[in-house]
Amino acid sequence: MFTQHGLEYAVHIIKSHFGDLVSKACKCLLQKGPLTLQALAQRTQLPRDQLKKCLLVLIQHNCVQAFIPESEETSDLQRNFVQYIAIFDNILHRSRFSKFLQIAAEQLDGQCEELLKGLLQHGRLTLESVIARAVSQKNEGNSESQDAHRANFVRLIHARFVERCPTAQPVLQPVPESALNKRRGAKLSIKQDLPYAFKFAGELLTIEKRAILAAAPSHSERFSVIVDIGSDIDVKSNQRCSSATTGEKRKYEALEMDNETMAAICEKEVLWRANFEEFVRCLRHKACVANVRSKLDVKTGTVLEAILEATRSSEEKVKEETSVPLSMDTILQEVRGRPEGLEMTLEHVRAALNQLGCVPSLAGTEGLYSIDLKNIIANAQNEEVEAVVLNRYGREAYRIFRLLAKDSRLLETNQISDTTLVDKKEASELLFRLWKDGFLDMERMSSTLPKQATIFLWKVKKDSLWEHVVDTMYHAALNVSQRMDFEREQEQELRQIQPDLMTEALKKRYNRLRRVMLILESSLLKLDDAFMLFNDF
């Protein structure tokens, strides 16, 4: 969800990580959409050589994608005009690296976490560079340690936490004329402009999404890896034969030479990067499980967690509306395979599925169960906004907002007052406050009654409200980030003073800064969880 404060927050992230010049180029791309190098140079007033370096930094860290626009009238000369577009979501993911590393550590181990850390820090690396970095950090240079790092890297790929980098300059296919006709006159967001945005399979494909899809490698290539690992390392991708006839040995030796050549190419030339999509999927699953555990109970959350973990690799996109269907036997097996589910019986699992509103669909002779993930996320979004209303306006406003959020109809002030048991005058004041702050929509209707000239009707329009809430969260995150930068500068000044030379007043000031930084970091993580709920889940 791209908003004005979201743009400012993304630019602040780039500025904090790469400096003013890179953030200036990124801001221009976020505001103007896809631009050629010449157009970008004109708007930023930066020298071309400097601008090229800025774009290379952004591409290296997966924040910008280059592409070549294609149309039926495109000439060979026009085809050489490469355009660049900023990838808004990838910029925001830079603030989530700690969450990604925690997921890798929990699902794999600390060694895999360290390899992933190198990719997150450098954006794109070859396997050779990843191994060289890991070896230099631990002062290990023997072949066994290198084989161990290769094996851990393969584990990251098998878990889909690492993927091959996209194509450098894909060619975008022309937009279908039928799609253009449907979108003409429609309201588009700040980055979307015809002929670059159209709907495909019910989803709005902006120029950013089209460029990402065009650049993405095929699924089989995306996670394909060939490595040369010693026989003492347990990796499925490199198994060696132990016995063969003379003819088979010759064939095997030739095949082995080919594999070694391919492994060398894969290690030295293929670029790899962190797969943000898989980490977001994991965080979405965590959010679903946490919401179910808090609303229902721990056992139901355990069943949901087991189902999502078993079907994660089968999901085709992050925002799946329902989980992949599973049979009852498979669900029971997955639940009992977890420490917290060892004592759960078939009745416990059935009860949990009933609580989740899961109705089996017949496929052959057995029923398949699928969880409505879209409904779980929608409930979590409602609760997040309701909590904001409760904290900001009080319990009476919370009851009014909750009524309107659940009822899709327009409701009149008296009807709202009677249903929520809030005094009519107070209800009217709260409704106007909520409307003024963007939480409600209002419609006026002329009344036939002599004493009441106008009737006010109220409704919650979730699409516009969600965008307003997310923009407010981006604004809050920007303020917190700027405050953190200020506190870091203060802390840096104090760090330059030797501890034995610090007075009691300076020590108290330093401890206060540390406490403030912890609070700010925690607040930023919570804000990030909140706008991920609306933007990424």
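Here the spin labels are modelled as points 7 Å beyond Cα on the Cα-Cβ line, and at residue 8 and residue 489 they lie 1.8 nm apart. The length gained on full extension between residue 408 and residue 432, counted as 0.36 nm times the residue separation minus their Cα-Cα distance, comes to 6.8 nm. Among the listed pairs 52/317; 15/461; 317/526, those with a Cα-Cα distance over 30 Å are 52/317; 15/461.
Residues in region 376-464 average 60 Å² of solvent-accessible surface per residue, probe 1.4 Å, ligands and nucleic acids excluded.
Surface composition of region 327-435: carbon plus sulfur atoms contribute 49% of the solvent-accessible area (1.4 Å probe, protein chains only, all chains present).
Here is the list for region 272-317: trypsin sites (Lys or Arg not before Pro) lying in DSSP coil, each with at most 12 other C-beta atoms within 10 angstrom of its C-beta, are 317.
Of all aspartates and glutamates in the structure, the ones whose alpha carbon falls short of 12 Å from that of residue 459, not counting any fewer than 8 places away in one chain, are 407, 412, 441, 443. Once the C-beta distance of residue 102 and residue 509 is scaled by a Förster radius of 30 Å, the resulting FRET efficiency is 0.45 to the nearest 0.05. Largest to smallest in accessible area, the residues 435, 458, 466 fall in the order 435, 466, 458 (1.4 Å probe, all protein chains included).
Placing one equal scatterer on every Cα of region 390-525 and applying the Debye formula, the log10 ratio I(q)/I(0) at q = 0.12, 0.18 Å⁻¹ is -0.65, -0.98. Label sites at residue 81 and residue 143, each approximated as a point 7 angstrom past Cα along Cα to Cβ, lie 5.5 nm apart.
Between residue 70 and residue 42, the contour length at 0.36 nm per residue exceeds the alpha carbon distance by 7.8 nm. For the pair residue 501 and residue 355, the difference between a 0.36 nm per residue extended length and the Cα-Cα distance amounts to 46.3 nm.
Computed over protein heavy atoms with a 1.4 Å probe, the carbon and sulfur contribution to the accessible area of region 485-526 reaches 54%. A crude spin-label estimate for the pair residue 425 and residue 317, with each label 7 Å from Cα along the Cβ direction, gives 5.2 nm.
The values are calculated or read from the model by the stated rules, or taken from the named source; none is laboratory data. Computed from a predicted structure; not experimentally measured. With ideal geometry, Cβ positions are generated from the backbone for all residues, glycine too; neighbour counts draw on all protein chains shown. Just so you know, the surface numbers come from the protein's heavy atoms only, side chains and all, with ligands and any DNA or RNA stripped out. Shrake-Rupley method; radii C 1.70, N 1.55, O 1.52, S 1.80 Å.
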